[in-house]
Each structure stands twice: as C-alpha cells, then as structure tokens.
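Here's the structure we're looking at; comments come further down.
The values are calculated or read from the model by the stated rules, or taken from the named source; none is laboratory data. All values reported here derive from a predicted model rather than from experimental measurement. All Cβ positions, even for glycine, are placed from backbone atoms using ideal geometry, and neighbour counts span all protein chains on display. Only protein heavy atoms, including side chains, enter the accessible area calculation; ligands, DNA and RNA are left aside. Shrake-Rupley method; radii C 1.70, N 1.55, O 1.52, S 1.80 Å.
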Amino acid sequence: MIKKISGRIVTHEEDFHGTVEWDSSTGLIRSILKGLELDVVEDKTKDEVWFDPNEVVIFPGFGDIHIHAREDESGKHTYKEDFLSASAAAINGGVVHVADMPNNPIPPVDAESYFKKRKLADKSPIHITLYAGIGPNTKPLKESVPYKVFMGPSIGELFFHNNEALEETIRNYEGENISFHCEDPEILEKHQDETLHEDRRPAEAETMATDFALYLIEKYNLRGKLCHYSTGDGLEKIKAAKKKGLKLTCEVTPTHLFFDKSMLTSENRHWFQMNPPLRGKEDRERMLEGVKEGWIDYLATDHAPHSIEEKQKGTSGISQLDTYSLFVTWLILKAGVDLKTIAKICAKNPGDFVNEYLPEKYGKGFGRIEAGYAANFTILNLKKSKTFQKEEIKSKSGWSPFENFTFPGSIEALYFMGNSIRS
C-alpha cells in the first residue's frame with residue numbers, strides 16, 4: 001500500500017511544497033512530487049495526510065547522535081534511564097533515532113560486550129546506534145562501528161590519564177570513526193580543588209584537548225568528531241582544521257546554545273552541572289554563530305539523565321532529549337537559524353553519521369527525503385507555541401531545565417519508517 005504526506009517540505013538543500021509517497025510494507029520512500037497546489041482536501045483518507053504549509057514544516061526525521069541511555073548487561077544504571085525510556089524521551093522530543101555512548105558500568109569495548117548491549121538496544125521502538133568505547137589497551141572491533149574516547153575523567157571509568165597513553169591506544173584505530181570528549185586530563189587535575197565546577201573544568205581544558213585531538217585526527221587519518229563543543233576559541237581551531245582538510249565534524253548541545261554561566265545561581269547551579277560546563281555569554285553567542293555559519297555539524301543533546309537526588313548532590317549531566325524539537329523551534333523562531341540549516345544539523349548530518357552502521361531494512365538510511373531512504377519525518381508547527389510541563393517528561397530522570405518554559409513552536413507529528421509514532 002502506498003501512503004503519502006503533503007505540505008511544506010524542508011531538506012538541507014530545498015524548501016518546497018510537495019508530496020512524499022512511501023511503501024507501507026517497507027517503510028521506504030518511493031517518490032517525491034514537487035510543485036503541487038496544496039489545498040485542504042475534505043475527503044482525505046488515512047493513507048493521505050495533509051499539513052498546512054502556512055503553519056507546519058515537514059523535515060526529514062531528526063537524529064540525536066549523542067545520548068546516554070544508561071543500559072548495559074549489568075543493569076546497574078537503569079534506574080537513571082534504559083533503552084525503552086530513552087526511546088520514549090526521544091519520541092517525546094520529535095527524534096526518530098539516537099546514538100548511545102559507551103561509558104557504562106560494563107563498557108562495550110570488545111565484541112562480546114558490544115553485542116550484548118546491541119541485543120538490549122534492539123528492543124527499542126526507534127533505532128539506536130551504539131558507540132564502542134576506547135580505553136587503555138583496547139583494540140578496534142572487527143565489525144564497523146563508531147567509537148568514543150574520553151580524553152579525561154568524566155562520568156564512568158573509561159578515560160585516559162595523559163596524552164601519551166591516549167596516543168598509544170589511538171594508533172591502533174587508524175582510519176576509524178572516533179568521537180572525542182575534549183577535556184585535557186592534566187589541566188583537570190591541576191584545577192581539581194577549585195570551588196566552582198566551571199573553574200574545575202576551565203575552557204583551556206577543552207582548547208588544549210582540542211589541539212591534541214586534531215593532531216591525532218590528522219596523524220592517524222581518523223574521521224574525527226568533537227563532542228558537545230562549548231568554547232569560542234576552540235571553534236576557531238575547528239574552523240582552521242576544516243579549512244586544512246581534516247576529516248572533522250563537531251557537535252553543540254542545546255544547553256550550550258541557550259544557557260551560559262552568567263545565568264547560574266546558588267539555587268540552580270547543581271541542575272546545570274555538566275561536562276563540559278557552561279561557558280561565558282560570548283562563548284554561547286559564538287557557538288550560535290557557528291551554527292548559522294555552517295561550522296557546527298550536529299545539534300546533539302548529550303542527554304545524560306541522573307535522578308533528582310543525584311543532581312541535588314552535584315552529579316554532572318543534564319536531561320535534554322524530551323525537548324529536542326521544541327528547542328529547534330526556538331532556534332528557528334527566536335535565534336534566526338535557517339530552516340535548511342536545521343535540516344542539515346538535525347537530520348541530514350546525523351543520518352550521514354549513522355547510515356553506514358544501519359541494518360539493510362532501513363534502505364539507504366536516515367536523514368533525507370529521497371527515494372530509497374526511510375520514511376522518517378519530524379513535523380513542526382511554527383505557529384503554535386508550547387509550554388513544556390514537568391509531567392510531560394518521559395525520561396526516567398524526571399526533570400528538565402526547560403520545565404514551564406514556553407517554546408515558540410510545537411511538534412505536530414512524528415513518523416518512523418512510515419508509521420505515525422507521535423501526534
């Protein structure tokens with residue numbers, strides 16, 4: 001059976017009125033019809049859905065390629081989150097696929113631990129890509145997977161104490177796809193006794209680690225990604241490296257685009273503790289400019305759920321997945337980010353990142369509205385505002401920095417493999 005949706009469609013290349021058709025038996029797109037006159041049809045069937053192009057935008061399905069779903073074979077951290085609750089939070093946030101980080105109690109660093117975790121993730125209603133972890137003395141898996149390396153201490157034990165040990169391991173991963181958490185371990189150690197969290201993890205820890213990550217990316221021909229980037233000075237290093245031709249991309253979180261340390265108070269400080277921490281207003285503004293100018297490749301939440309009790313005690317990590325697409329409406333309507341840029345950093349680039357690792361059933365993959373790709377759509381209403389309430393949170397964390405915040409737009413619908421999974 002052929003199903004279709006019609007309305008205003010925005011991809012990383014085009015903004016047009018049209019209709020997308022897909023095969024309901026495969027969930028894959030068959031064709032895109034452009035330039036149609038889109039009038040409200042009173043006798044629409046369940047196989048044809050029309051969205052008002054004056055209010056609603058149909059994007060390729062959004063992907064968040066940096067989350068912490070917390071589940072592994074140990075089960076020790078599933079009270080924070082698990083694959084099902086993370087998937088529920090993603091759907092709530094208008095996201096159709098995610099990529100989960102490896103800093104678990106039993107990190108996926110070899111074939112056995114990776115595929116045990118893969119089996120757990122496969123119960124999810126959306127697709128979850130899994131990073132394998134890189135730690136002291138690890139080796140690449142035989143199967144093609146993305147990797148994550150923590151250059152300094154974060155949450156978990158999967159990290160390096162110095163750059164020499166890191167390079168000794170990275171030399172085994174030549175040519176691989178590696179994402180870097182850029183915080184220099186020696187600078188972190190030097191500042192560990194500072195009173196404030198943002199002073200214990202200063203901007204120089206990120207910029208110094210960036211220099212070393214770029215060195216490793218170039219020397220070992222890595223496909224490098226710099227995670228949750230936060231410093232304006234470091235962004236200049238990224239620009240220079242991209243101009244030089246390094247295989248390099250970078251992420252930014254909603255947190256670092258919306259909040260800065262000038263907003264911190266004694267009452268809210270523990271809620272906003274994360275790694276890397278909030279930076280200054282100028283850094284936040286420079287990161288937003290980096291999005292608009294095309295230097296930043298992914299909007300990725302670093303969704304790091306912890307219980308309310310843990311946050312009150314000062315645990316690092318912030319819950320963001322439930323509000324992903326609502327925040328996108330703020331980027332569009334308040335921050336002035338172009339619609340095609342949104343399609344690029346929220347759909348096309350995340351799709352490109354995971355597509356080589358997807359099962360065959362997903363066709364050409366995610367992130368594009370083209371024949372052969374999955375019929376995934378994130379559909380936003382840019383005329384209808386939404387106040388996000390605490391009781392709407394699906395993450396087990398049970399809290400959000402955006403509780404009671406009114407976003408300028410809302411989520412109209414969400415499709416995964418041609419099926420409506422949120423409306």
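Which GluC sites (Glu not before Pro) in the range 342-423 pass both tests, a DSSP loop state and at most 16 other beta-carbon atoms within 10 Å? Show your work: numbers first, answer last.
Working: sites: Glu356, Glu360, Glu370, Glu391, Glu392, Glu403, Glu412; in loops: Glu370, Glu403.
Here the sparse-neighbourhood loop sites are Glu370, Glu403.
What residue among Asn162, Asn381, Asn349 shows peak mean-square fluctuation when the chain is described by a Gaussian network model with Cα springs under 10 Å?
Comparing Asn162, Asn381, Asn349 in a Gaussian network model of the chain, the most mobile one is Asn162.
Quick one: dipole size for the chain, taken about the Cα centre, charges +1 on Lys/Arg Cβ and -1 on Asp/Glu Cβ, in debye to the nearest 20.
Numbers: 54 positive and 66 negative charges, 121 e Å.
Dipole magnitude for the chain comes out near 580 debye.
Let me test this: with uniform point scatterers at the alpha carbons of the range 62-360, what is the Debye-based log₁₀ I(q)/I(0) at q = 0.13, 0.16 1/Å?
Cα-only, vacuum Debye calculation for the range 62-360: -0.87, -1.45.
Measure off, as a whole percent, the carbon and sulfur share of the 1.4 Å-probe accessible area of the chain, all protein chains present.
Accessible surface attributable to carbon and sulfur in the chain totals 46 percent.
Tell me, what is the percent relative contact order of the range 319-402, built from C-alpha pairs under 8 Å that lie six or more residues apart?
Values: 64 pairs, mean separation 27.1, N = 84.
Contact order relative to length: 32 percent.
Can you work out the accessible area per residue across the chain, with the rest of the protein chains kept in place, probe 1.4 Å, in square angstrom? Please report the intermediate quantities before stating the final value.
Working: 16780 Å² over 423 residues.
Accessible area per residue, the chain: 40 Å².
Taking R0 as 41 Å, what FRET efficiency do you get between Glu168 and Lys123 from their Cβ-Cβ distance, rounded to the nearest 0.05?
0.65
Could you state the principal axis extents of the C-alpha atoms in the range 39-139, from the largest down, to the nearest angstrom?
Largest to smallest, the principal-axis extents are 62, 23, 21 Å.
Given a cut-off of under 8 Å on Cα pairs at least six residues apart, what relative contact order in percent is computed for the range 62-360?
Numbers: 585 pairs, mean separation 54.1, N = 299.
About 18 percent, as a whole number.
Taking 0.36 nm per intervening residue step and subtracting the Cα-Cα distance, what contour gain separates Asn221 from His270 on full extension?
Gain on stretching Asn221 to His270: 13.7 nm.
How much length would be gained if the chain were fully extended between Glu403 and Asn137, taking 0.36 nm per residue of separation minus their Cα-Cα distance, in nm to one decimal? All intermediate terms of the calculation are to be shown ahead of the outcome.
Numbers: separation 266, 0.36 × 266 = 95.76 nm, distance 4.26 nm.
Difference between extended and current length: 91.5 nm.
Please identify which residues in the range 224-267 have an amide N closer than 11 Å to a label point set 7 Å out from the Cα of Glu289, following the Cα→Cβ vector.
Of the residues in the range 224-267, 232-233, 236 have backbone N under 11 Å from the label point off Glu289.
Assuming 0.36 nm per residue, please report the length gained on full extension of the stretch Glu14 to Asn54 beyond their Cα-Cα distance.
Result for the pair: 12.7 nm of gain on full extension.
Please identify every one of the trypsin sites (Lys or Arg not before Pro) in the range 222-323 that sits in a loop by DSSP and has no more than 13 other beta carbons within 10 Å of its own beta carbon.
Passing sites in the range 222-323 are Lys313.
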